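We did not get these values from a lab; they are worked out from the coordinates using the rules stated. Just so you know, these numbers come straight off a predicted model, no measurement behind them. For neighbour counting, all protein chains shown are included, and Cβ atoms are generated from backbone atoms with ideal geometry for every residue, glycine included.
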Amino acid sequence: MAINVGEFVDPGTTAIVINEMQEAIAGRLARAPLSGLADLVRERDVVGHLARLLRAARKVGAHIFHGVYE
């Protein structure tokens, strides 16, 4: 189902914050206990859905922030 993200985004007040989507947390490098989370991310195509959302949000001027643990 396609959604027009522009209907929901005011570039002056809208931001998307993504946290902990690295390979070692939600990807193929994840180890127990996070490996179950990584399995769900793959099974439900979370990365694909997130990529489409971010592309659409960028097109309408939303701010995108990636939080990572170091």
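With each label modelled as a point 7 angstrom along the Cα→C-beta vector, the residue 39-residue 66 pair spans 2.7 nm. Between the listed residues 9, 40, 56, the Cα displaced farthest toward the positive end of the dipole of the chain, a dipole computed from Cβ unit charges relative to the Cα centre, is found at 56.
Rounded if a/c is under 1.5, else prolate if a/b beats b/c, else oblate: with a ≥ b ≥ c from the C-alpha gyration tensor eigenvalues square-rooted, which is the chain?
Oblate.
Converting phi to 3J(HN,Hα) with the Karplus coefficients 6.51, -1.76 and 1.60 and the offset θ = phi - 60°, the range 28-39 yields 5, 8, 5, 10, 3, x, 7, 5, x, 4, 4, 4 Hz in sequence order, with x at every glycine or proline.
The C-alpha atoms of the chain define a longest principal axis, and helix 46-59 lies at about 20 degrees to it. In this Cβ point-charge picture (+1 for Lys and Arg, -1 for Asp and Glu), the chain has a dipole of about 200 debye about its Cα centre.
Take the Cβ atoms of residue 3 and residue 23, set R0 to 30 Å, and the FRET efficiency comes out at 0.60.
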